[in-house]
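S.K.: Let me begin by handing over the structure; questions about it come next.
Just so it is clear, none of the values below were taken in a lab; they were calculated from the coordinates. This one's a predicted model, so the numbers in the text were calculated from it and none came from an experiment. Note that we place each Cβ from the backbone using ideal geometry, even for glycine, and neighbour counts take in every protein chain shown.
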Amino acid sequence: MSARHRRAVIAAALAVIALAACGRRGPPVPPETVRPQAVSDLTAVARQGGVEVSWTVPPRRVNNSRIIEPGYARLYRVDDAGTGEPRAAMVRNDRVAGYTEVATFPLHEPPSSYLRGGRITYIDRRGLVYGRRYTYVATTTDAQGRTSAPSARASITYIAAPERPQALQIEAGDRTARLQWQPPAKLVDGTAITDPLVYEVLRAADPAAEPSVIARTAAGIRAFEDHGLENDRTYYYAVRAIRSAAASVAGEPGERVAVTPRKTTPPEPVKDLAAVPSRGEVRLSWRPSPGADVATYIVYRAARGGTPMRIGAVRPPTTTYIDRDVPPGTYRYTVTAQDASARANESGPSNEVTVTVP
């Protein structure tokens, strides 16, 4: 073999080696590191007619890489008499062994209607029996069929809920709503209420909006004051009862009641009213009311022995007024401050001044 031919063979061999090296993959990724992370915040709350189960769908894998192609979330359940530890949860063949699948929730487009803001909320109503303990776990599966480990178990003993509270009454105040109500008559299964009840107060800013829980009372308390509201804005309230026994269960909220807080406190009165009469007119001036929401100053005049009548108004920051075309005679003047609220609260009168117009 000539030297030239030998060099050609070596070059071809090196090229083959290089191509093989380019296609060589790194060490295989362990399959457990690319499956979705386990759900970490599963909760179960007993409601009237069902158990509300909620959790956040993990957006990442065990190795912390983002799940680009989501698949499904699944909810599982097992029930027992409530003694000892609930059944252990283990995934076998992409299912939780020994548990019954309650529901499957698509995470891809179009996603399940139960998925909102990355969180699933589902009410389980399937064959529930009072007094049984129900244990739930959730899993996540990506589009390639890799299933997460099961979540931590969430257990709840299902008991009869209270009926709705009765006779909700609300009194509007200044940036305040005062609520009071009567207790439910019985439990939804018709039995008497023997356990202490606490109450959740729910509020919405729109009649069509889903109300949110804003407070929970102590046991037996059937009144609540909501402060820091916006005056002249309507709010919608409801109350539900929660039975606190060996287990806990929330009843359905009662009917919504609307209330509109109103400002009822008038501004402070005007001070140091002074008047300077001249032929056919009276010049008035005063010190402003310190109220931040004063919208109008109202001027009143009364003839000798007569009733004060409104004759004019000015807007802050003006604190002067000229009463023109005044016939000769003796007159009394006062000024009030009126706020900008829907009620237009008016202060008491200022000091009274008496003048004689020539």
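S.K.: How large is Rg/Rh for the range 225-335, to two decimals, with Cα atoms and a Kirkwood Rh?
M.R.: Details: Rg = 25.2 Å, Rh = 18.6 Å.
That ratio is 1.36, to two decimals.
S.K.: At a Förster distance of 41 Å, what's the computed FRET efficiency of Ser278 paired with Arg343, Cβ-Cβ distance as r, to 0.05? Show your work: numbers first, answer last.
M.R.: Values: r = 37 Å, r/R0 = 0.91.
Between Ser278 and Arg343 the formula returns 0.65.
S.K.: Ok, one more. What is the helix-to-structure angle for 3-22, meaning the angle in degrees between its Cα long axis and the longest Cα principal axis of the chain, kept from 0 to 90 and rounded to the nearest 10?
M.R.: Between the helix axis and the principal axis of the chain, the angle is about 50 degrees.
S.K.: Quick check: convex hull of the Cα atoms in the range 166-259, volume per residue, rounded to a whole Å³? Before the final figure, lay out each step's value.
M.R.: Working: hull volume 8.8 nm³, N = 94.
Normalising the Cα hull of the range 166-259 by residue number yields 94 Å³.
S.K.: Something else: I'd like the Kirkwood hydrodynamic radius of the chain, using the inverse of the mean 1/r over distinct C-alpha pairs, in Å.
M.R.: Values: mean 1/r = 0.0361 Å⁻¹.
It is 27.7 Å.
S.K.: In terms of the Cα gyration tensor, with a ≥ b ≥ c the square roots of its eigenvalues, is the range 60-165 rounded because a/c is under 1.5, prolate because a/b exceeds b/c, or oblate? Don't skip to the end; give the middle numbers.
M.R.: Details: a/c = 2.57, a/b = 1.53, b/c = 1.67.
Oblate, because a/c is 1.5 or more while a/b does not exceed b/c.
S.K.: Find how much the distance from Glu101 to Ser40 grows on full extension, using 0.36 nm per residue of separation minus their present alpha carbon separation; answer in nm with one decimal.
M.R.: Values: separation 61, 0.36 × 61 = 21.96 nm, distance 1.89 nm.
Using 0.36 nm per residue and subtracting the Cα-Cα distance, I get 20.1 nm.
S.K.: Follow-up. Below 8 Å between Cα atoms, with a sequence gap of 6+, how large is the relative contact order for the chain in percent?
M.R.: Working: 841 pairs, mean separation 45.1, N = 358.
Once divided by the residue count of the chain, the mean separation gives 13 percent.
S.K.: May I ask you to derive the FRET efficiency for Arg60 and Thr318 from their Cβ-Cβ distance with R0 = 45 Å, giving the value to the nearest 0.05? Intermediate results must be reported in sequence, preceding the final value.
M.R.: On the way: r = 63 Å, r/R0 = 1.40.
Given R0 = 45 Å and the Cβ-Cβ separation, E is 0.10.
S.K.: Can I ask one more? How big is the range 271-357 in terms of Cα radius of gyration and Dmax, in angstroms?
M.R.: 12.8, 39
S.K.: Connecting C-alpha atoms closer than 10 Å in a GNM of the chain, tell me which of Arg283, Arg60, Arg74 has the biggest fluctuation.
M.R.: Fluctuation is largest for Arg283.
S.K.: Expressed in nm to one decimal, what extension gain is obtained for the pair Thr191 and Ala88 from 0.36 nm per residue of sequence separation less their Cα-Cα distance?
M.R.: Numbers: separation 103, 0.36 × 103 = 37.08 nm, distance 3.45 nm.
Full extension of this stretch gives 33.6 nm more.
S.K.: Where does the range 107-247 land on Rg/Rh, using Cα atoms and the Kirkwood Rh?
M.R.: We get a ratio of 1.06 for the range 107-247.
S.K.: What size of dipole, in debye to the nearest 20, comes out for the range 39-194 about its Cα centre when the only charges are +1 on Lys and Arg C-beta atoms and -1 on Asp and Glu C-beta atoms? Spell out each step's value before the answer.
M.R.: Values: 21 positive and 15 negative charges, 43 e Å.
That gives a dipole near 200 debye.
S.K.: Also: Given the options Gly131, Gly306, Gly348, state which has the largest fluctuation in a GNM of the chain using a 10 Å cut-off (strictly under) for Cα springs.
M.R.: Gly306
S.K.: Around Thr234, under 14 Å between beta carbons, what's the net of Lys plus Arg minus Asp minus Glu among the other residues?
M.R.: Numbers: positive: Arg175, Arg203, Arg233, Arg256, Arg262; negative: Asp206, Asp226, Glu230, Asp232.
In short, +1.
S.K.: Which value in nm describes the separation of the simple spin-label points at Glu230 and Ile214, placed 7 Å from the Cα toward the beta carbon?
M.R.: The modelled label-to-label distance comes out at 1.3 nm.
S.K.: Label point 7 Å out from Ile311 along Cα-to-Cβ: which residues of the range 342-358 have amide N under 18 Å?
M.R.: The answer is 349-358.
S.K.: Which FRET efficiency value, to the nearest 0.05, do you get for Glu69 and Ile123 by plugging their Cβ-Cβ distance into 1/(1 + (r/R0)^6) with R0 = 25 Å? Present the calculation step by step, with values, prior to reporting the outcome.
M.R.: Details: r = 29 Å, r/R0 = 1.14.
Efficiency, from the Cβ-Cβ distance: 0.30.
S.K.: Please list, by residue number, everything in the range 251-266 whose backbone N is under 20 Å from a paramagnetic label point 7 Å out along Cα→Cβ of Ala223.
M.R.: Counting backbone N atoms under 20 Å from the label point, the list is 257-262.
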